[in-house]
């Protein structure tokens, strides 16, 4: 099979083979953009732009996995629409409902990728990218759940800096990453029952993901390498 002559065709072919890599790259790139998302109108526009990119990518990756695609679009389209309406008209309650749908979409996409990684006993390069993308999807999903919890139950979280104010999005995402990874730095804390339940669920999800999915991929990769050495 000959390689495409033009570089953009080669990139397109690679992304079709490894869609999880594109999603992982977009998630990591958005981390670099989130510090620019403050409470200004520019920050709100940027927040909406990131959603317009990342959410369709999550749907695309689900489509490549054994999951049902229409469920992903049923979550993604109203989530994007409500998010843009909330940002354009400064409607926090609508933003909370869009966050409910986005959390559900990210959890659904993570489930689709986990199913994709577990469907056979062969580890591909895209499945390794999918392992990283699934971690970020879970982290974003719980961050949106924290955002909804804070909107519905004020004073759900506190922190070492300005403990009396609501936590910003980047702080909730930071809490999600530290909780899911098991680091648990502790400068952002849940202080009521709903928030603590969410944190405990994420701790359970993080331990289960490492134990059931990541360890399996590592074990299958080692077995494949051993077979290649013997062969």
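Each value in this text was obtained by applying a stated rule to the coordinates, not by laboratory testing. All figures in this text were calculated on a predicted structure; none of them were measured in a lab. Virtual Cβ from ideal backbone geometry, glycine too; neighbours counted across all protein chains shown.
Scoring 144-153, 70-79 by mean Cβ neighbours within 10 Å over their residues and listing the highest first yields 144-153, 70-79. What shape does segment 92-231 have by the C-alpha gyration tensor, where a ≥ b ≥ c are the square roots of the eigenvalues, rounded means a/c under 1.5, and otherwise prolate means a/b greater than b/c and oblate the rest? In terms of gyration-tensor shape, prolate.
Taking the square roots of 5 times each eigenvalue of the Cα gyration tensor of segment 162-231, largest first, gives ellipsoid semi-axes of 38, 12, 7 Å.
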